[in-house]
Amino acid sequence: MLGDCAHTFCKRCIAPLNPLRCPTCRRFFRPQSVLPNFALAALLNDAGFGASAVSSVRPPSEWAQGPAAAPAAQPSPAVALAGTGPASASATQVSPLRQLLGSLERDTAAPEGLGVERLMQLGLPAGLAKLVSDEDRKIALRVFLLDNSGSTAHPDGKVLIEEGGQQPRFQRCTRWEEITHMALEHARWNASIGTPVEFVLLNPPAAGGALEEGLDCIRIDASRGDVEGSIMQLEKLLRSTVPRGATPLTDRIRKIRERILPEGRDVARRGQKVVLVIATDGLPTGPRGGGSSDAEMVAFGQELRRMSSELPIHQVVRLCTNESAIVDFYGSIDEEMEVDLEVIDDMQGEASEIRRAGNRWLVYSPIIHRLREGGTFLKVLDLLDERKLEPMEVCLVSSLLVRQRPDDRPLPSEPEAFCAEVRERLPALPRVLCPLRLRMLPPIDPDELEWSLLPKLKLRRTCGECEVNYCRVM
């Protein structure tokens with residue numbers, strides 16, 4: 001899959017391309033954005049075409065050898081860039097932060113079924129759990145940069161409260177409390193599936209601005225032991241943090257890049273990436289504040305581009321504000337080809353955007369939001385709020401949600417039979433919370449699914465409380 005436009009091809013088709021432009025949409029793509037299409041490979045495997053589609057994908061650096069050449073241990077373009085400058089000295093120079101938090105090397109040799117089983121226990125259907133498990137092996141580390149600037153004390157945040165026996169509800173809180181709630185959810189989630197994760201405060205209380213583990217950064221890693229103790233330490237740190245200071249995102253991201261850079265080459269050689277999630281509510285400023293200037297915003301964009309070009313990294317901005325100027329700024333960066341970036345709103349905001357984009361068939365559940373919030377390589381999930389999914393993409397996502405057990409039979413390939421099978425299985429599926437209606441609903445709306453997949457001439461569509469005839473082809 002071409003990560004910049006989400007179109008999928010076999011590697012024989014894209015290897016000889018020069019310049020690197022998608023054959024379908026003619027959009028330029030970056031070699032380091034090419035990823036295995038786990039979801040499509042799973043569907044092909046279900047259809048009896050084998051499961052080698054993902055395992056046989058070679059890095060872009062090997063394309064020049066031709067489709068029949070044997071794999072070689074050469075770095076991809078991102079790795080080559082990471083091997084210059086400071087990275088080339090990694091064998092002899094180790095940064096204090098690397099010594100503090102440990103290596104990015106991660107053991108992914110655990111039995112495959114273990115990760116899938118864990119994810120199913122956490123509420124994912126078997127189809128989606130398998131893909132998330134495969135994807136997780138491609139992640140060396142998740143890093144959450146948490147904005148604790150003074151503006152996060154503003155009381156317009158909200159968190160989802162789900163207490164046993166009570167109606168789920170969104171509770172108003174400060175933006176910092178929303179960030180804290182999100183961080184703790186992801187700490188428990190990543191600990192459950194075994195993904196190493198770090199949480200870093202934007203404004204460290206440590207003198208001189210240096211990171212100090214336990215004081216302004218926490219790493220949760222099952223390989224280091226005492227996961228529960230680390231989560232308790234993180235909760236104590238976040239609960240005791242008082243929002244203050246400016247929003248020096250550029251400076252902090254640069255330090256994170258310098259921390260990862262010495263190991264960027266090794267991470268890419270293992271076919272892995274680092275995921276950076278920036279939870280913020282403001283525009284980038286200098287370390288001493290003074291408001292966000294054009295120069296600071298340009299410097300922030302340049303730093304994100306440098307991260308994307310030098311490191312095997314996927315970046316997510318989790319916005320905790322609805323201020324139009326801030327949303328527009330990060331949205332403009334998201335539209336750039338040079339930056340591997342996704343911008344995510346809060347759960348209700350994302351659910352509304354997905355419906356406006358035309359994907360009304362999907363009930364946007366908290367667990368799907370968590371996957372997107374934490375950075376996912378399943379590009380089709382990132383496209384949900386950007387455009388109406390194509391029929392094949394709708395079938396793909398629906399199949400992932402409907403297959404609750406590994407031994408469930410594949411869904412039919414014909415649209416009419418597909419919709420009928422989904423409708424038949426829905427009553428047996430666990431219900432999920434709809435953040436817009438605050439009700440437990442099936443994960444897919446069968447009427448809207450038919451509206452997306454079948455000819456429109458004879459369909460009747462239900463929109464809220466009213467039902468209307470639709471008499472022309474969309």
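The values are calculated or read from the model by the stated rules, or taken from the named source; none is laboratory data. All of these numbers come straight from a predicted model, not from anything done at the bench. Cβ coordinates were reconstructed from backbone atoms using ideal geometry, including for glycine residues, and neighbour counts include every protein chain displayed. Just the protein is used for accessible areas: all its heavy atoms, side chains included, with ligands, DNA and RNA removed. Shrake-Rupley method; radii C 1.70, N 1.55, O 1.52, S 1.80 Å.
Within region 195-206, is even one residue modelled with pLDDT under 95, surrounded by fewer than 16 Cβ atoms within 10 Å (Cβ to Cβ) and assigned to a helix (DSSP H, G or I)?
Within region 195-206, not a single residue is modelled with pLDDT under 95, surrounded by fewer than 16 Cβ atoms within 10 Å (Cβ to Cβ) and assigned to a helix (DSSP H, G or I).
Being open to solvent by less than 40 Å² (accessible area, probe 1.4 Å), out of contact with any His (no Cβ under 6 Å at 6 or more places or on another chain) and either at pLDDT 85 or above or part of a helix (DSSP H, G or I) (or both) narrows it down to one residue among Leu436, Leu426; which is it? Before you say what the answer is, go through the steps one by one.
Values: Leu436 fails: open to solvent by less than 40 Å² (accessible area, probe 1.4 Å).
It is Leu426.
Go through region 263-298 and give me each residue that's under 24 Å from the mean Cα position of the chain (by Cα) and in a helix (DSSP H, G or I). Lay out the reasoning, then the answer.
Taking region 263-298 and keeping what is under 24 Å from the mean Cα position of the chain (by Cα), we get 263-284, 297.
Matches in region 263-298: Glu263, Gly264, Arg265, Asp266, Val267, Ala268, Arg269, Met297.
Looking at region 310-339 only, could you name the residues that are in contact (Cβ under 8 Å) with a residue 60 or more places away in the chain, touching a Leu at 6+ places or on another chain (Cβ under 8 Å) and acidic (Asp, Glu)?
Result: Glu310, single match.
Out of region 226-256, which residues are closer than 19 Å to Glu213 by Cβ, free of Cβ contacts under 8 Å to residues at least 60 places away in the same chain and either touching a helix residue (DSSP H, G or I) at 6+ places or on another chain (Cβ under 7 Å) or not acidic (Asp, Glu) (or both)?
Matches in region 226-256: Val227, Gly229, Ser230, Ile231, Met232, Gln233, Leu234, Glu235, Lys236, Leu237, Arg239, Ser240.
Looking at region 180-198, I want the residues that are small (Gly, Ala, Ser) and have a partner that is in a loop (DSSP other than H, G, I, E, B) with Cβ atoms under 8 Å, at least 6 apart or on another chain. Which pairs are those?
What qualifies is Ser192/Leu122; Gly194/Ala110.
Within region 364-371, identify whether any single residue is modelled with pLDDT under 90 and open to solvent by 30 Å² or more (accessible area, probe 1.4 Å), and answer yes or no. If you could, list the steps in order and put the result at the bottom.
Of region 364-371, the ones modelled with pLDDT under 90 are none.
Looking through region 364-371, none of the residues is modelled with pLDDT under 90 and open to solvent by 30 Å² or more (accessible area, probe 1.4 Å).
Restricting the search to region 105-137, which residues are modelled with pLDDT of 85 or more, among the aliphatic types (A, V, I, L, M) and part of a loop (DSSP other than H, G, I, E, B)?
Result: Leu124, single match.
Filter region 387-409 down to residues that are open to solvent by less than 60 Å² (accessible area, probe 1.4 Å) and part of a loop (DSSP other than H, G, I, E, B) and give me whichever is nearest to Gly123 (Cα to Cα). Write out each step before concluding.
Looking only at region 387-409, we keep the residues that are open to solvent by less than 60 Å² (accessible area, probe 1.4 Å), and these are 389, 393-404, 408.
If we keep only those that are part of a loop (DSSP other than H, G, I, E, B) as well, we get 389, 403-404, 408.
Values: Leu389: 24, Arg403: 13, Gln404: 10, Asp408: 17 Å.
The qualifying residue nearest to Gly123 (Cα to Cα) is Gln404.
Okay, residues lined up against (1) closer than 21 Å to Gly157 by Cα; (2) at pLDDT below 90; (3) in contact with a Ser or Thr (Cβ under 6 Å, 6 or more places away or on another chain):
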position	(1), (2), (3)
Thr321	yes, no, no
Glu342	yes, no, no
Glu353	yes, no, no
Ala357	no, no, no
Asp382	no, yes, no
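Among the residues of region 280-295, write down those that are among the acidic types (Asp, Glu) and open to solvent by less than 50 Å² (accessible area, probe 1.4 Å).
Step one: filter region 280-295 for residues among the acidic types (Asp, Glu), giving 281, 294.
Selection gives Asp281 alone.
Does Arg219 fit the bill of being modelled with pLDDT of 80 or more, part of a helix (DSSP H, G or I) and of a type in the set (Lys, Arg)? Outline the logic, then answer.
Numbers: modelled with pLDDT of 80 or more: yes; part of a helix (DSSP H, G or I): no; of a type in the set (Lys, Arg): yes.
No; evaluated as a whole, the condition is false for this residue.
Looking at (1) surrounded by fewer than 23 Cβ atoms within 10 Å (Cβ to Cβ); (2) touching a strand residue (DSSP E or B) at 6+ places or on another chain (Cβ under 7 Å), which one does Val277 not meet, given that it meets all the others?
(1)
Can you name the condition, by its number, that Leu215 falls short on among (1) of a type in the set (A, V, I, L, M, F, W, C); (2) touching a strand residue (DSSP E or B) at 6+ places or on another chain (Cβ under 6 Å); (3) open to solvent by 10 Å² or more (accessible area, probe 1.4 Å)?
Failing condition for Leu215: (2).
Regarding region 304-323, can at least one residue be identified that is within 18 Å of the chain's Cα centre (by Cα), part of a helix (DSSP H, G or I) and more than 21 Å from Lys273 (Cβ to Cβ)?
no
What's the total number of residues in region 156-176 that are out of contact with any Lys or Arg (no Cβ under 9 Å at 6 or more places or on another chain) and either modelled with pLDDT of 95 or more or among the aromatic types (Phe, Trp, Tyr) (or both)?
Of the residues in that region, 3 qualify.
With respect to the numbered conditions (1) assigned to a helix (DSSP H, G or I); (2) among the aliphatic types (A, V, I, L, M); (3) crowded, with 17+ Cβ neighbours inside 10 Å, which one is the sole condition not fulfilled by Ala420?
It is condition (3) that Ala420 fails.
Is it true that some residue in region 347-362 is more than 22 Å from Leu283 (Cα to Cα), part of a loop (DSSP other than H, G, I, E, B) and touching a strand residue (DSSP E or B) at 6+ places or on another chain (Cβ under 8 Å)?
Yes; the residues of region 347-362 include at least one that is more than 22 Å from Leu283 (Cα to Cα), part of a loop (DSSP other than H, G, I, E, B) and touching a strand residue (DSSP E or B) at 6+ places or on another chain (Cβ under 8 Å).
Just a yes or no: is a residue in region 138-160 part of a loop (DSSP other than H, G, I, E, B) and free of Cβ contacts under 8 Å to residues at least 60 places away in the same chain?
Taking region 138-160 first, the residues part of a loop (DSSP other than H, G, I, E, B) are 138, 147-149, 154-156.
Right, trim to free of Cβ contacts under 8 Å to residues at least 60 places away in the same chain and you get 155.
Yes, the conditions are met somewhere in region 138-160.
Restricting to region 242-262, name every residue that is in a loop (DSSP other than H, G, I, E, B) and open to solvent by 20 Å² or more (accessible area, probe 1.4 Å). Show your work before the answer.
Of the residues in region 242-262, the ones in a loop (DSSP other than H, G, I, E, B) are 242-248.
Within region 242-262, Val242, Pro243, Arg244, Gly245 meet the criteria.
Can you find even one residue in region 140-149 that is open to solvent by less than 30 Å² (accessible area, probe 1.4 Å), of a type in the set (Ser, Thr, Tyr) and farther than 21 Å from Gly286 by Cα? Steps first, please.
We begin by selecting, within region 140-149, every residue open to solvent by less than 30 Å² (accessible area, probe 1.4 Å); these are 140-149.
Next, from what is left, pick out any that are of a type in the set (Ser, Thr, Tyr): 149.
From the residues that got through so far, the ones that are farther than 21 Å from Gly286 by Cα too are none.
No, region 140-149 contains no residue that is open to solvent by less than 30 Å² (accessible area, probe 1.4 Å), of a type in the set (Ser, Thr, Tyr) and farther than 21 Å from Gly286 by Cα.
Can you tell me which of (1) of a type outside the set (D, E, K, R); (2) in contact with an Asp or Glu (Cβ under 9 Å, 6 or more places away or on another chain); (3) open to solvent by less than 10 Å² (accessible area, probe 1.4 Å); (4) under 17 Å from Gly245 (Cβ atoms) is the one Phe300 doesn't meet?
(2)
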